[in-house]
Amino acid sequence: MTKVAILGFGTVGSGVAEVLSKNSQGIARRAGGEIQVKYILDVRDFPDSPFKDCFVKDFSIIENDPEVEVVVETIGGAKVALEFTTRALKAGKSVVSSNKELVATHGYELLQLAKANGVSYLFEASVGGGIPILHPLINCLAANEVEQITGILNGTTNYILTRMIKAGLTFDQALKEAQDNGYAEKDPTADVDGHDACRKICILSALAYGQHVYPQQVPTQGIRGVTLADVAYADSCGYKIKLLGRCLREPEGKVCAFVAPHLVSCENPLAGVEDVFNAITVTGNAVGDVMFYGRGAGKLPTASAVVADVIEIARDPKADRGNQWGPGSEDLVVSDDHLTSRWYVRANASMDQARLACGEILPLARSGAPAREAAFLTQPMTRPQLMDRLEGMEICSLFRVL
Ligand code: HSE
């Protein structure tokens, strides 16, 4: 029997309790013994919950109970969650987390702490919600040098972009709909400005390349600047606008990582990933492209990944999980300026001006476009080359083409 404490009874925490209870028999079979929730820590009261007898408000009860082997951290944020995770690991308890902010900012030190205490720190649910991605990356793809990872890593922004593309909603209308449906938070900053996707690409980079990548090292652009005009122009040439988190292997052990809206060709499977779904393509130098797809957020999908980590620990509490990475360094992450790609440009200019500046371009059209609006795709070039050519032009939108 493995006894578990859940920290935070919000969407994910309550989903973890529900999955552990609903699927208890199969889970016991796969874990080699029953997994039981002993405590749930939350500042709120839940008198009607089927787990009402488990609630505590004082973390030290969990910390000091030798029966608790696994602590599930579903609090979120990097303050209280950091304190409780640190204390749990020091108390010799393994910690399972869905908290991408904490892993992206303090993953290296927490993994070190887990190792020093002979326990595990697992966080499959922190990237891609219910999609198995971290375990496949470090286990099934272990034979590869990872050339690059490209992912739709945020469900809220993918939902907003899908509604703009399919229903013609403006960004503000689509955001409100996402909030009304419970996908987007009241304060949607972390999602729409790309911070959530940034944290996830940091975690993927660290696992793929073995060194901590901090969110502040990763250039991040969200989707607030994407307009219906851009969506229409992209559609006219067979592309969809998607917010992508990307990381690439660079010479001398460096990493290029960034988050930005891209035009994705409809022939690329990522273009067909809609609504709150996430998808991640990993390119290995032996395997080629491998794609992972599924629900990137939500109560039970995220709980599915959390509970799988708990089962892994219950099965073999002392195993080396192979998920350690090294410390970060200031010069680890290089900018994406050297990456060559085609570019989508929308500018207040004439098409003649665009041709004069950029040479061979693919002009784009949409109904209702103002007279002095030029939208076009360029030939492949780097950002500095493009910026040189566009000097003096009033740019409205500028996205890479994948
Ligand atoms: N806010 C996140 C998203 C939740 O929309 O993808 C899952 O990390």
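Each Cα pair under 8 Å and six or more residues apart adds its sequence gap; the mean of these over the residue count of region 294-402 is a relative contact order of 32 percent.
What percent does the relative contact order of region 134-295 come to when contacts are Cα pairs within less than 8 Å and at least six residues apart? That works out to 34 percent. When the chain is treated as a GNM with alpha-carbon contacts under 10 Å, the residue of Val80, Val12, Val146 showing the greatest mean-square fluctuation is Val80. Take the Cα of Glu145, step 7 Å toward its Cβ, do the same at Asp337, and the gap between the two points is 2.5 nm.
With the largest listed first and rounded to whole Å, the semi-axes of the equivalent ellipsoid of region 5-103 from the Cα gyration tensor are 20, 16, 14. Can you work out D for region 340-401 in µm² s⁻¹ from Stokes-Einstein, where Rh is the Kirkwood radius over C-alpha pairs, the temperature is 37 °C and the viscosity is 0.692 mPa s? D, rounded to a whole number, is 287 µm²/s. Which FRET efficiency value, to the nearest 0.05, do you get for Arg87 and Glu391 by plugging their Cβ-Cβ distance into 1/(1 + (r/R0)^6) with R0 = 56 Å? That pair, Arg87 with Glu391, gives E of 0.55. Among the listed pairs Lys90/Lys186; Lys22/Lys166; Lys22/Lys57; Lys22/Lys242; Lys22/Lys176, those whose Cα-Cα separation exceeds 31 Å are Lys90/Lys186; Lys22/Lys166; Lys22/Lys242; Lys22/Lys176. Taking only the C-alpha atoms of region 134-295, Rg followed by Dmax gives 15.7, 47 Å.
Our summary of shape: the Cα atoms of the chain have principal axis extents of 74, 48, 33 Å, ordered from largest down, in whole angstrom.
Fully extending the segment from Arg30 to Ser265, taken as 0.36 nm per residue of separation minus the present Cα-Cα distance, adds 80.5 nm.
Around the Cα centre of region 134-295, unit charges on the Cβ atoms of Lys, Arg, Asp and Glu (plus for the first two, minus for the last two) sum to a dipole of about 100 debye. Given R₀ = 22 Å, what would the calculated FRET efficiency be for Arg44 paired with Lys22, taking r from the Cβ atoms and rounding to 0.05? Computed FRET efficiency for Arg44 and Lys22: 0.45. Ellipticity at 222 nm from helices only: DSSP H runs of n ≥ 4 in the chain, each -39500 (n - 2.57), divided by the residue count, give -10000 deg cm²/dmol.
Amide H contacts of Ile40: Ile6, Phe55, Val56, each under 5 Å away and 5 or more positions distant or on a separate chain (H built 1.01 Å from N in the peptide plane; Pro and chain starts excluded).
Here the chain has 49 percent of its accessible surface on carbon and sulfur atoms, given a 1.4 Å probe and all protein chains in place.
Solvent exposure of the chain, expressed per residue, is 42 Å² of accessible area, with all protein chains present and a 1.4 angstrom probe.
The values are calculated or read from the model by the stated rules, or taken from the named source; none is laboratory data. Treat the numbers as computed from the prediction; the structure is a model and nothing was measured. Every residue, glycine among them, receives a Cβ derived from its backbone with ideal geometry; neighbour counts consider all protein chains shown. For accessibility, only protein heavy atoms count, side chains too; no ligands or nucleic acids. Shrake-Rupley method; radii C 1.70, N 1.55, O 1.52, S 1.80 Å.
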